[in-house]
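All remarks here apply to the structure that follows.
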Amino acid sequence: MNYQKIYGITGPVSTAGPTAAENKLNDELIQELKKEGSFESEQETANRVKVLKILQDLAHEFVYRVAKKKNMSDGMARDAGGKIFTYGSYRLGVHGPGSDIDTLVVVPKHVLREDFFAVFDELLRLRPELEEIAPVPDAFVPIIKIKFSGISIDLICARLDLAQIPQSLTLSDPNLLRNLDEKDLRALNGTRVTDEILELVPKPIVFRIALRAIKLWANRRAIYANVFGFPGGVAWAMLVARICQLYPNACSAVVLNRFFKILSEWKWPQPVVLKPIEDGPLQVRVWNPKIYAQDRSHRMPVITPAYPSMCATHNITESTKKVILEELENGIQITNDIFSNKKTWSDLFNKHNFFYKYKFYLTVMASTRGSDEEHLKWSGMVESKVRLLVLKLEALAGIKLAHPYTKPFEAAFTYSNEEESREILDNYGSFKTEEQLNKYQRVTDDNKDTDGIKDKQKCYITTMYIGLDVNVEEKKEKIDIHVPCNEFFNLCRHFNEEYQNSNKYSLVIKYVKQYDLPSEVYELGESRPVKKKSKRRKQDKSAEFPKRAKGETAPGSSIAEATQA
């Protein structure tokens, strides 16, 4: 019997269909998802289709132009083709309003990656629909991030060893992967994995509703971000798919309850796999903890089904694993209460309490005095390295947990001179000093192109937060976070020569106590934490960090105090 018929590497736990009560809960779940804005309007869907059609035409023109540069005949250049594929949430059918489209441009062998960042980039910039563009050619998977007709799109490119890329091409054949470099293999992996997931679930509609709910839950609980050490979209999709395989006839509501129960009791690091791991035609690495020490280090492995199988959750750290398991436990309690009519689905989607949870926070502030495109590259690089700082911090004896927040905060101000830009950076990120910024003009999407702002110098700031659970029982020892922070600072500064320009690119790392977190981290209607007057002040002081001078003003120091010196 074909593995796809039994859905997964084991038989089902239960083949029972839903009861009337479960169907009722399922209908309530769908209504709650609609209320929460999980589904986009028909107009938004039509706009996405239109944009993808434009991108397909651009891909064809791109391949044609490169072919003509290489002296191909007009007919051969036209026949060379080029095709757009999607992957991720859009391809899975679980995208919502405002979500981006992950897009892959597949090109024939005469088109090089450099052409993608030259010719295709140029074609995009000529389009009136283009609102933002940020090419990142040196990323792990080279990418062009754009905003096009109001839609965020991540564009990656893969070159196949074929002379032509027809519109009928599919990517399921592993032999298409022959003679490709690592970056092309990684680029193709997204579409191949997404397509296989859809083939490996018993009922795609049940899978999609359950996945929409898990995506909403993981976002609300701030545990959805591969870059910060949490599962990303494809990992959550594979986890939901595995539960669907185990309960092939269940409705989405039941899948959700079993999702929390099974995964919180899972014997990690036993991997979650959707089908047997396959060998293939390439001399490439396939996930195998028996052979590779790196694979044995994965804490919560979720393995992609498409050859060559990889771990989609290799970024998970000891701290983020603890946070995920805690949230899965909470999920069991809430869904059990929903099934016994003590709670409703809206309780599952309550917002996280990250900015109320810890006494100390570390802020990582990347700023650029330059263009928004320059800042996008700099802040994106810093963001991609924050997980390494978490690994360094959680290795310190006095830190029980280093919990990264999954969404950076963005701000931009206009300034006239060096002194003003320094004042902005010194006062930003602290409740005590944020009022000092009121005299500066904030740059927003609405005003950035207006006459008073367009031509002024701008300072762009991206702030990321790490919550620190500090062990205060060890009263005598101070926790020195300067070494890991300095290592992180130097890693980012020396990523390339351009980022060593401290007049343009700034990186400040500072610790902030909970009551001094800036107002921007709290939503309208949320109350701020207030400083408590404690008799145990002397005892608590032991958990504080040694003080240093302001980051970037003292040579070699990357720690800035949260308060003014």
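The values are calculated or read from the model by the stated rules, or taken from the named source; none is laboratory data. Values in this document were obtained by computation on a predicted structure and should not be read as measured data. Every residue, glycine among them, receives a Cβ derived from its backbone with ideal geometry; neighbour counts consider all protein chains shown. Accessible surface is based on the protein model in full, side chains and every heavy atom, while ligands, DNA and RNA are left aside. Shrake-Rupley method; radii C 1.70, N 1.55, O 1.52, S 1.80 Å.
Computed extension gain for R125 through T170, at 0.36 nm per residue and net of the alpha carbon distance, reaches 13.3 nm. In order along region 113-126, phi translates into HN-Hα couplings of 4, 4, 5, 4, 7, 10, 6, 5, 4, 5, 4, 5, 5, 7 Hz, rounded to whole numbers, per the Karplus curve 6.51 cos²θ - 1.76 cosθ + 1.60 with θ = phi - 60° and x for Gly and Pro. Can you work out D for region 57-115 in µm² s⁻¹ from Stokes-Einstein, where Rh is the Kirkwood radius over C-alpha pairs, the temperature is 10 °C and the viscosity is 1.306 mPa s? The estimated diffusion coefficient comes to 124 µm²/s. In this calculation the C-beta distance from E318 to I9 is compared with R0 = 25 Å, giving a FRET efficiency of 0.35.
Hydrophobic, long helices, defined as DSSP H runs whose alpha-carbon span along the helix axis is 27 Å or greater and whose mean Kyte-Doolittle value is at least -1.0, occur in the chain at 42-69, 318-339, 372-394. Please calculate the 1.4 Å probe accessible area of K454, with all protein chains present, and give it to the nearest 10 Å². Estimated to the nearest 10 Å², K454 gives 100 Å².
In this Cβ point-charge picture (+1 for Lys and Arg, -1 for Asp and Glu), region 85-240 has a dipole of about 680 debye about its Cα centre.
Counting Lys +1, Arg +1, Asp -1, Glu -1, what net charge surrounds A237 among other residues with beta carbon under 14 Å of its beta carbon? Could you put the intermediate results ahead of the total?
Values: positive: R91, R192, R208, R212, K215, R242; negative: D102, D195, E196, E199.
That works out to +2.
Ordered from largest to smallest accessible area (heavy atoms of protein chains, 1.4 Å probe), the residues E498, E22 come out as E498, E22.
So what is the 222 nm mean residue ellipticity for the chain from helices alone, if each DSSP H run of at least 4 adds -39500 (n - 2.57) and you divide by all residues, rounding to the nearest 500 deg cm²/dmol?
Values: 19 runs with 214 residues, N = 565.
Per the formula, -11500 deg cm²/dmol.
Measuring with a 1.4 angstrom probe and ignoring ligands and nucleic acids, R125 comes out at about 110 Å² accessible.
Taking only protein heavy atoms and a 1.4 Å probe, the accessible area of region 362-421 is 50% carbon and sulfur.
Work out the length of the dipole vector of the chain about its Cα centre, built from +1 on the beta-carbon of each Lys and Arg and -1 on the beta-carbon of each Asp and Glu, and round it to the nearest 20 debye.
Approximately 1720 debye in magnitude.
Please work out the Cα convex hull volume for region 183-285 and give it in Å³ per residue. Write down the numbers at each step before the final one.
Working: hull volume 12.8 nm³, N = 103.
Dividing the Cα hull volume of region 183-285 by its residue count gives 124 Å³.
Over the Cα atoms of the chain, the radius of gyration divided by the Kirkwood radius equals 0.97; this is the Rg/Rh ratio.
Using heavy atoms of the protein chains and a probe of 1.4 Å, the accessible area assigned to H482 is about 0 Å². Compactness of region 34-173 is given as radius of gyration and Dmax, 15.5, 56 Å, from Cα positions.
Peptides 270-279, 294-303 ranked from most to least packed give 294-303, 270-279, packing being the mean of other C-beta atoms within 10 angstrom over each peptide's residues. 3J(HN,Hα) along region 106-112: 9, 10, x, 5, 7, 9, 9 Hz, from the Karplus curve 6.51 cos²θ - 1.76 cosθ + 1.60 with θ = phi - 60°, whole Hz, x for Gly and Pro.
The coefficient of translational diffusion for region 2-110, derived via Stokes-Einstein from the alpha carbon Kirkwood radius under 37 °C and 0.692 mPa s, stands at 181 µm²/s. Sequence neighbours fewer than 8 away in the same chain don't count; with that in mind, list the aspartates and glutamates whose C-alpha is under 20 Å from K531. Straight-line reach from K531, under 20 Å: E434, E435, D469, D516, E520, E523, D540, E544, E561. Rolling a 1.4 angstrom probe over region 112-256 with all protein chains present gives an accessible area of which 53% lies on carbon and sulfur atoms. Excluding ligands, DNA and RNA, the accessible surface per residue across the chain is 46 Å² with a 1.4 Å probe. Calculate what fraction, in whole %, of the accessible area of region 442-491 sits on carbon and sulfur atoms when a 1.4 Å probe is rolled over the protein chains. Roughly 44 percent, rounded to a whole number. DSSP finds beta bridges in the chain, and of those with both partners inside it, around 80 percent are antiparallel. From the P(r) of region 259-313, could you give the percentage of C-alpha pairs in the tail past 17 Å? Tail of the P(r) past 17 Å holds 38 percent of the pairs. The residues D451, D195, sorted by heavy-atom accessible surface at 1.4 Å with ligands and nucleic acids left out, run D451, D195 from largest to smallest. Note on exposure: F349, F39 ranked by accessible area (1.4 Å probe, complete protein assembly) read F39, F349, with the most exposed listed first.
Just the C-alpha atoms of region 90-176: what Rg/Rh do they give, with Rh taken as the Kirkwood radius? Numbers along the way, then the final one.
Numbers: Rg = 14.0 Å, Rh = 14.3 Å.
Value, to two decimals: 0.98.
Amide hydrogen proximity for F148: with H placed 1.01 Å from N in the peptide plane, the residues at 5 or more positions away or on another chain lying under 5 Å are E131, I153. Farthest towards the positive end of the charge dipole of the chain, among the residues G398, H298, S41, is the Cα of G398, using unit charges on the Cβ of Lys, Arg, Asp and Glu. If the segment from L282 to K532 were pulled out straight at 0.36 nm per residue, it would be longer than the present Cα-Cα gap by 83.9 nm.
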